[in-house]
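Beneath this line is the structure, given in structure tokens, with notes to follow.
The values are calculated or read from the model by the stated rules, or taken from the named source; none is laboratory data. Note that the structure is a prediction, hence the values are computed from the model and not measured. FYI the Cβ positions are ideal-geometry reconstructions off the backbone, even for glycines, and counts take in every protein chain you see. Side chains are part of the model used for accessible areas, which takes the heavy atoms of the whole protein and leaves out ligands, DNA and RNA. Shrake-Rupley method; radii C 1.70, N 1.55, O 1.52, S 1.80 Å.
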Amino acid sequence: MERMSDYDLLCLLLGRNLAAPVVGRVAADLLERFEDLGGIAAADATELARVHGVGAAATLDLKLLRQLSVRLARSTACSRPVLTSWHALLAYVRVALADLPREQFRTLYLDRRNILLRDEWVADGSVDHAPVYPREVIRRALELSASALILIHNHPSGDPAPSQADIKVTRQIVDAAKLFNLQVHDHLIVGREGTASFKSLGLI
């Protein structure tokens with residue numbers, strides 16, 4: 001299977017629920033519409049359904065594939081202190097967020113040893129904005145008795161460069177965290193073109 005193309009792998013997966021004569025066409029249509037396997041797996045069920053031939057069973061298989069990939073990547077990234085497995089963390093956030101069609105903001109809450117306590121959804125948004133309320137991010141950290149956090153969100157445009165709005169809300173969260181002796185290790189922005197780190201950019 002390692003030598004199979006994305007198209008062939010997709011045909012193999014879809015062939016579980018689609019008749020042989022249409023599998024190739026459906027696979028080709030999905031790749032044309034969503035560009036690659038990551039885009040297909042991250043697409044909304046309603047978007048997948050717009051591709052002729054993709055029914056409920058095929059959609060379920062694709063969603064299960066995505067969840068399995070995300071959870072495997074998260075397990076690898078968070079089995080040790082997050083700061084000592086940074087490359088695995090970057091791989092996880094790319095799998096989880098890079099191909100999403102709309103912005104999603106998540107927070108990783110860490111204990112005093114920087115072991116993951118919770119990976120939580122904060123907000124979903126549009127193609128270029130996800131509303132985030134700093135006080136809610138900090139309130140949840142206190143509820144979990146977290147010692148540190150890492151902020152994560154995606155840019156569906158593909159460009160991970162921080163916007164002025166991203167910089168503003170990050171500063172608000174960092175300032176609020178300091179009041180409760182919480183550390184914000186980083187804010188990662190994920191796009192298809194790469195991942196931007198606020199810490200590396202000198203913004204934290």
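Below are the figures for this structure:
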item: Residue list for segment 33-53, filter: more than 15 Å from the chain's Cα centre (by Cα) and either open to solvent by less than 60 Å² (accessible area, probe 1.4 Å) or not small (Gly, Ala, Ser) (or both); result: Arg33, Phe34, Glu35, Asp36, Ala45, Thr46, Glu47, Leu48, Arg50, Val51, His52, Gly53
item: Residues being under 25 Å from Ala146 (Cα atoms), of a type in the set (Lys, Arg) and in contact with a Ser or Thr (Cβ under 9 Å, 6 or more places away or on another chain) - total across segment 92-107; result: 1
item: Out of Thr107, Thr59, sole residue that is more than 30 Å from Ala176 (Cβ to Cβ) and out of contact with any Gly (no Cβ under 8 Å at 6 or more places or on another chain); result: Thr59
item: Criterion violated by Ser85 - all others in (1) closer than 18 Å to Val184 by Cβ; (2) hydroxyl-bearing (Ser, Thr, Tyr); (3) open to solvent by less than 60 Å² (accessible area, probe 1.4 Å) satisfied; result: (1)
item: Scope segment 13-28; condition open to solvent by 50 Å² or more (accessible area, probe 1.4 Å) and modelled with pLDDT of 90 or more; matching residues; result: Arg25
item: Qualifying positions in segment 128-148 - closer than 13 Å to Phe105 by Cα and of a type in the set (A, V, I, L, M, F, W, C); result: Ala130, Val132, Val137
item: Test: residue in segment 55-69 that is within 16 Å of Val190 (Cα to Cα), under 14 Å from the mean Cα position of the chain (by Cα), open to solvent by 10 Å² or more (accessible area, probe 1.4 Å) and not polar (S, T, N, Q); result: no
item: Wholly within segment 93-204, strands (runs of 3 or more DSSP E) carrying at least 1 residues that are open to solvent by less than 40 Å² (accessible area, probe 1.4 Å), among the small types (Gly, Ala, Ser) and modelled with pLDDT under 90; result: 116-124
item: Residue in segment 65-78 that is of a type in the set (A, V, I, L, M) and under 26 Å from Val174 (Cβ atoms) present; result: yes
item: Per-region count, segment 65-103, residues more than 17 Å from Ala42 (Cα to Cα) and either aromatic (Phe, Trp, Tyr) or in contact with an Asp or Glu (Cβ under 7 Å, 6 or more places away or on another chain) (or both); result: 1
